[in-house]
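Below you'll find the structure, written out as structure tokens, and then a few comments.
The values are calculated or read from the model by the stated rules, or taken from the named source; none is laboratory data. Remember, it's a predicted structure, so these values are computed and weren't measured experimentally. Heads up, the Cβs are rebuilt from the backbone with ideal geometry, glycines too, and the neighbour counts pull from every protein chain shown.
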Amino acid sequence: MTAEVNGTQRLEVDADEPGWEVDPDDESGAAVVATVGRQLKLRREAAGLRAGEFGRLIGYGEDLVYKVEAGKRIPRPEYLERADSALKAGGLIAAMKADVEEVRYPKKIRDLAKLEARAVELLSYGSHALHGLLQTEQYAWALLGTRKPALSEDELDRAVAARMARQEIYERCPKPELSFVLEEMTLRRPIGGTMVHRRQLERLLEVARMRNVAIQVMPNDRWEHSGTGGRIQILKFGDGSAVGRTDDEYGGRPVTAPAQLRVLELRYGTIRAQALTPRESLAFIEDMWGEG
């Protein structure tokens with residue numbers, strides 16, 4: 001079944017695709033979606049429209065309209081745009097797009113994205129996988145697809161979308177300073193197959209050439225290696241505060257105490273010194289790409 005919206009045909013069944021369900025464990029996100037749903041219902045009823053009539057006007061099925069209004073479904077941006085037009089809301093409904101789309105992503109990812117958005121400097125050593133800010137969409141799909149127990153299609157869709165959204169950090173102005181130390185073995189592991197792997201290496205070369213980014217490779221033959229305890233991540237903010245985390249200390253929890261942060265910075269600085277320089281690393285990755 002199709003509906004005509006602004007002269008174009010849209011399959012109504014396409015509207016109820018995976019990735020837009022409300023996470024029942026995300027109380028703040030669920031509250032946002034519920035509030036938007038109530039506002040939509042009140043405006044629809046004030047306009048004298050039944051759910052089915054309203055759905056036909058904006059090109060979505062009646063069942064989806066009920067789900068959105070009940071706070072059980074996150075409305076897509078175009079849903080809100082069309083609802084705004086159909087209900088003559090003067091932009092008030094469309095203005096909710098940013099908040100609604102943000103809650104599509106899991107809360108812990110939203111919290112991380114907010115921290116990254118505030119950071120003036122990011123330091124990251126990863127021992128088993130590339131940092132999410134470095135991943136291509138195809139690599140992220142393949143990597144997250146290996147998790148056990150397996151993620152549902154909805155969970156996978158949400159996780160990949162959230163990971164890609166975090167990469168808006170590269171568009172920030174002023175740009176933050178980003179430092180990544182990557183294991184050679186991580187770079188050589190062909191996650192997703194040959195073509196996905198090659199495109200991922202190309203993306204690393206693109207990012208490594210950015211003036212505010214330093215990518216360093218830790219070769220497999222470095223037996224003196226201070227990163228054997230696992231990942232280290234540190235985010236520094238404009239007000240002088242910072243937050244860090246490592247796998248092997250402090251229970252893996254985020255830490256903000258100066259003494260604990262000094263330990264992480266010392267360890268990260270040592271890892272950077274043991275790795276190839278950014279220039280050497282760029283050449284290393286170029287050679288690896290050429291081997292493919």
>> If a residue counts only when it is assigned by TED's automatic domain parsing to the domain that holds GLU171 and farther than 23 Å from ALA113 by Cβ, which strands (runs of 3 or more DSSP E) contained entirely in the stretch 187-292 have at least 3 such residues?
In response: 213-218
>> Can you go through GLY290, GLY230, GLY240, GLY244 and tell me which one is within 26 Å of the chain's Cα centre (by Cα) and farther than 17 Å from TYR125 by Cα?
In response: GLY240
> Among the numbered criteria (1) farther than 25 Å from ALA162 by Cβ; (2) modelled with pLDDT under 90, which single criterion is violated by VAL33?
Replying inline: (1)
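Could you check, for the stretch 87-105, whether at least one of its residues is more than 28 Å from GLU171 (Cβ to Cβ), surrounded by 17 or more Cβ atoms within 10 Å (Cβ to Cβ) and either at pLDDT below 95 or of a type in the set (Phe, Trp, Tyr) (or both)?
Yes, the stretch 87-105 has at least one match.
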> Of the residues GLY227, GLY252, GLY238, which single one is within 28 Å of ARG189 (Cβ to Cβ) and touching a residue at least 12 places away in the same chain (Cβ under 8 Å)?
Replying inline: GLY227
> If you scan the stretch 212-248, which residues turn out to be surrounded by fewer than 17 Cβ atoms within 10 Å (Cβ to Cβ), among the small types (Gly, Ala, Ser) and modelled with pLDDT of 90 or more?
Replying inline: GLY238, GLY240, SER241
> Is there any pair linking a residue in the stretch 92-121 that is of a type in the set (Gly, Ala, Ser) and part of a helix (DSSP H, G or I) to one that is modelled with pLDDT of 70 or more and surrounded by 13 or more Cβ atoms within 10 Å (Cβ to Cβ), with Cβ under 6 Å and at least six apart or on different chains, and which?
Replying inline: ALA94/LEU80; ALA94/GLU81; ALA94/ASP84; ALA113/ARG166
> For SER124, which of the numbered conditions (1) surrounded by 15 or more Cβ atoms within 10 Å (Cβ to Cβ); (2) out of contact with any His (no Cβ under 8 Å at 6 or more places or on another chain); (3) in contact (Cβ under 8 Å) with a residue 24 or more places away in the chain fails to hold?
Replying inline: (2)
>> For VAL160, only one of the following conditions fails: (1) within 23 Å of ALA119 (Cα to Cα); (2) surrounded by fewer than 20 Cβ atoms within 10 Å (Cβ to Cβ); (3) touching an Asp or Glu at 6+ places or on another chain (Cβ under 7 Å). What is its number?
In response: (2)
> Does THR136 satisfy the condition of being β-branched (Val, Ile, Thr) and surrounded by fewer than 16 Cβ atoms within 10 Å (Cβ to Cβ)?
Replying inline: no
> assigned to a loop (DSSP other than H, G, I, E, B) and assigned by TED's automatic domain parsing to the domain that holds TYR125, is that true of LYS175?
Replying inline: yes
> Of the conditions (1) of a type outside the set (S, T, N, Q); (2) in contact (Cβ under 8 Å) with a residue 60 or more places away in the chain; (3) farther than 27 Å from PHE284 by Cα, ARG209 fails just one. Which one is it?
Replying inline: (3)
